[in-house]
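The values are calculated or read from the model by the stated rules, or taken from the named source; none is laboratory data. Since we're looking at a predicted model, the values are computed, not measured. Every residue, glycine among them, receives a Cβ derived from its backbone with ideal geometry; neighbour counts consider all protein chains shown.
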Amino acid sequence: MNETIERYVAEFRAQATRLPGARLPWLAAAREGAIERFARQGFPTLRDEAWKYTALGPIEKKVFPLAQADLGKVSEVGAWLLEDVPHRLVFVDGRYAPALSRVGALPAPSLADSLAEVLARAPHLAEPYLREAPAAGAFVELNTAFMADGAFVQVGEGVIVEEPIHLLFVSTTAGCVSHPRNLVVAADGAAVTVVEHYVALGGGGYFTNAVTQIAAGRGARVEHYKVQQENVKAFHIATVVARQEAGSRFDSHSLSLGAELARNDIATRFDGTGCETTLNGLYVVAGRQHVDHHTTIDHARPRGTSREFYRGILDDRARAVFTGRIVVHKDAQKTDAGQINHNLLLSRDAEVDTRPQLEIYADDVKCSHGATVGQLDDNMLFYLRTRGLEEGHARDLLTYAFAAEVLERIRIRSLRNRTERLMVERMAEAERLKELV
Amino acid sequence: MSLLTIKNLQAAVDGKQILRGIDLDVQPGEVHAIMGPNGSGKSTLAQVLAGREDYQAVSGEVLYQGKDLLALSTEERAREGIFLAFQYPVEIPGVSNVYLLKAAVNAIRKHRGQPELDAVEFLQLVKARMKSMKMGEEFLYRSVNEGFSGGEKKRNEVLQMALLEPRLAILDETDSGLDIDALKIVAEGVNSLRSPERAMIVITHYQRLLEYIVPDYVHVLSRGRIVKSGGRELALELEEKGYAWIEGGKAGAAAGAVR
């Protein structure tokens, strides 16, 4: 066991009795099991196929103590709010901040609350999802061992929650880690949209290790947005695991803009027939940023449809990894799966590794995939310049247009506008592109 | 003063010489047609004049309004009043037509010392122009040329030309891919822009376009050189006798008539 792992285990021993739900035997056992598995397996290495292109040295070398949330540090979150999203749960260094949050009335028996609150008052609601680890992996184990809070969103049978629920995670403490754990449960026929949004106050590095579990009942619809805007010194590791029952739909959007090192594992499994999923993603990195998306669509049952649209823009010495794993089980006949990953390299020193991984064990299926890595199109640049646009303007315009095709898929207007503005603000020619948003 | 003077222009693409000594003089108000078979260098000439970077002038001189045109960047040429209507207008997904049109108009107005147009002024201007080109307003909000039919693309080129009010318009195979109705609309658009200050170079393979856009001069390009110049009757003669007449050798007796 290396020193970092020992320190995490020691910290767990010291903190275990103080963690939320410590008095719940099933949860204590789950945490105990998780820290033991973590201690045994340690952090993934480059020899691990799923981590082949993402070195974890920067995370492994440091010990990040648990952030001790001081809710008073954050008095204002206005800059990050989405104006057409009335429900918001705000978390400061991983802990729920009621004074900054506002949850309007949801139709009973639906609920959106802090997970720590739910563990204190009605733990049986969370138990089915926390008792068993949703996925293997060191970071999920670490999260299970240390999770202190997060959002618990449950939507009752047949209830349609029209307005999105905004989960805002603000990190304020340099050198510390938080392990947000979110549960989103949509009962049969329910519909809900959740925005999971990570931001920072201050410029010091920190570590976010988030896990979000999503359960979509029969015919349910869950739309999940993950907006990663950590500061550029942060490490962000996040796992989104969805389980879908028959006829359900899960739409995922991952917008990865910040962090020095970001890894997003997004996985869904079709546990019933006729499920649908669309995974959208946009990563925009520069400097020495590193972003890794690892998506898995598990077509375990027949007649499932999946679509995947990922785009990346890389500048300077940035690096990106995209792995799109699609597994079609033997009896998952009539599966229809399509995956596309396009990458735009704005610099010679940027690097991208993109790999589709299709494992198909059924014979009556439709599966397609495509990946491109390229630069701005010379014909387009020339055309724009013959219309009087300066080269820099033309380049930024085409770069923006490349991202716009993913941004157009964002259905929450304020989030789309906000992301479009963010994209424009990153450009040298921001002033000239303002009219686009 | 001549608007454009080309002297012994030689140009290469990917190290392969295409233009082998072009001489041309264009006065304000004139319309020059450049005809020639495939591969004669017509489009290369258009691209070199517009400033395409991978088309390199090897030698010769191009003076535009008395200035060295080849020393200007693509966008500087556009701002100085050169407009190229593309043979294959480029599709640009994600960039709306209205954004490009307004950015282009204002880039050029700014260069000319005119105040930039705000959104309202611009929309008034563009909608009036679109009406005359028989283009619906939905074109404004579609991505540039994306999914446009051949005719729609060419109309969009002429719309841009109308808005940018160039001094020198170069129309590269504007008739290609057009049915007769679309051709008439495009030609009307072009003709409405003819003026004593503005010159045009109309590049075409076929005589047909010149029935609608009547040139003052016709030049025949062959293997990178202008081999024959004349009035518009030259186009009719070419139509009748075919390019073999100009290219010589293979054309037998007819070739003798040229020399």
Notebook entry, point to check: Name the residues in the stretch B:87-98 that are modelled with pLDDT of 95 or more and at the interface with another protein chain (Cβ under 7 Å from one of its Cβ atoms), would you?
Noted result: B:Val90, B:Ile92
Next item on the list: Output the residues belonging to the stretch A:403-431 that are buried (at least 20 other Cβ atoms within 10 Å of the Cβ) and over 19 Å from the mean Cα position of the chain (by Cα).
Entry: A:Ala404, A:Val424
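Looking for something closer than 27 Å to A:Glu431 by Cα and facing another protein chain (nearest Cβ under 10 Å) - is there at least one such residue anywhere in the stretch B:135-144?
Yes: the stretch B:135-144 contains one or more residues that are closer than 27 Å to A:Glu431 by Cα and facing another protein chain (nearest Cβ under 10 Å).
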Next item on the list: Could you check, for the stretch B:137-153, whether at least one of its residues is farther than 21 Å from B:Leu183 by Cβ, acidic (Asp, Glu) and touching a Ser or Thr at 6+ places or on another chain (Cβ under 8 Å)?
Entry: no
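Find the helices (runs of 4 or more DSSP H) located wholly in the stretch B:55-163 whose residues include 1 or more that are without any contact (Cβ under 8 Å) to a residue 60 or more places away in the chain and surrounded by fewer than 16 Cβ atoms within 10 Å (Cβ to Cβ), and list them. So that I can check it myself, show each step before the final result.
Values: elements: B:74-79, B:97-111, B:119-132, B:138-141.
Where helices (runs of 4 or more DSSP H) fall fully within the stretch B:55-163 and carry at least 1 residues being without any contact (Cβ under 8 Å) to a residue 60 or more places away in the chain and surrounded by fewer than 16 Cβ atoms within 10 Å (Cβ to Cβ), they are B:97-111, B:119-132, B:138-141.
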Next item on the list: Give the residue that is surrounded by the most Cβ atoms within 10 Å (Cβ to Cβ), with candidates limited to residues of the stretch B:17-54 that are farther than 22 Å from B:His205 by Cα and either modelled with pLDDT under 95 or β-branched (Val, Ile, Thr) (or both).
Entry: B:Glu53
Next item on the list: Can you tell me which residue within the stretch B:134-162, out of those that are in contact with a Lys or Arg (Cβ under 8 Å, 6 or more places away or on another chain) and more than 15 Å from B:Leu101 (Cα to Cα), is modelled with the highest pLDDT?
Entry: B:Phe148
Check: Any residue in the stretch B:197-210 that is away from every other protein chain (no Cβ under 14 Å), out of contact with any helix residue (DSSP H, G or I) (no Cβ under 9 Å at 6 or more places or on another chain) and part of a strand (DSSP E or B)?
Finding: yes
Check: When you scan the stretch A:405-437, how many residues do you find that are in contact with a Phe, Trp or Tyr (Cβ under 7 Å, 6 or more places away or on another chain) and within 8 Å of another protein chain (Cβ to nearest Cβ)?
Finding: 2
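So, restricting to helices (runs of 4 or more DSSP H) that lie completely within the stretch A:1-119, which ones have at least 1 residues that are among the basic types (Lys, Arg) and modelled with pLDDT of 90 or more? Spell out the reasoning first.
Working: elements: A:3-15, A:25-41, A:57-61.
It comes to A:3-15, A:25-41.
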Next item on the list: Give the stretch A:358-404 a look and list any residue that's closer than 18 Å to A:Phe322 by Cα, of a type outside the set (Phe, Trp, Tyr) and part of a helix (DSSP H, G or I), or say none.
Entry: A:Ala403
Item checked: Top-ranked residue of the stretch A:227-253 - restricted to ones that are under 19 Å from A:Leu82 (Cβ atoms) and touching a residue at least 40 places away in the same chain (Cβ under 8 Å), ranked as surrounded by the fewest Cβ atoms within 10 Å (Cβ to Cβ) -> A:Gln229
Notebook entry, point to check: Are there any pairs with C-beta distances below 8 angstrom linking a residue in the stretch A:168-195 that is touching a residue at least 40 places away in the same chain (Cβ under 8 Å) and under 17 Å from A:Ala126 (Cα atoms) to a residue that is surrounded by 24 or more Cβ atoms within 10 Å (Cβ to Cβ) and among the aromatic types (Phe, Trp, Tyr), with the two at least 6 apart or on different chains, and if so which?
Noted result: A:His179/A:Phe146; A:Pro180/A:Phe91; A:Pro180/A:Phe169; A:Asn182/A:Phe152; A:Leu183/A:Phe152
Next item on the list: Could you figure out which of (1) under 30 Å from A:Phe270 (Cβ atoms); (2) within 14 Å of another protein chain (Cβ to nearest Cβ) isn't true of A:Ile360?
Entry: (2)
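Somewhere in the stretch A:283-292, is a residue part of a loop (DSSP other than H, G, I, E, B), of a type in the set (A, V, I, L, M, F, W, C) and not assigned by TED's automatic domain parsing to the domain that holds A:Val85? Don't jump to the end; show me each part of the working.
We begin by selecting, within the stretch A:283-292, every residue part of a loop (DSSP other than H, G, I, E, B); these are A:286-289.
This time we only want the ones that are of a type in the set (A, V, I, L, M, F, W, C), so: A:286.
Okay, now just the ones that are also not assigned by TED's automatic domain parsing to the domain that holds A:Val85, so A:286.
Scanning the stretch A:283-292, I find at least one residue that is part of a loop (DSSP other than H, G, I, E, B), of a type in the set (A, V, I, L, M, F, W, C) and not assigned by TED's automatic domain parsing to the domain that holds A:Val85, so the answer is yes.
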Check: Would you pick out the residues in the stretch A:368-404 that are at the interface with another protein chain (Cβ under 7 Å from one of its Cβ atoms) and out of contact with any helix residue (DSSP H, G or I) (no Cβ under 8 Å at 6 or more places or on another chain)?
Finding: A:Asn379, A:Tyr383, A:Ala401, A:Phe402
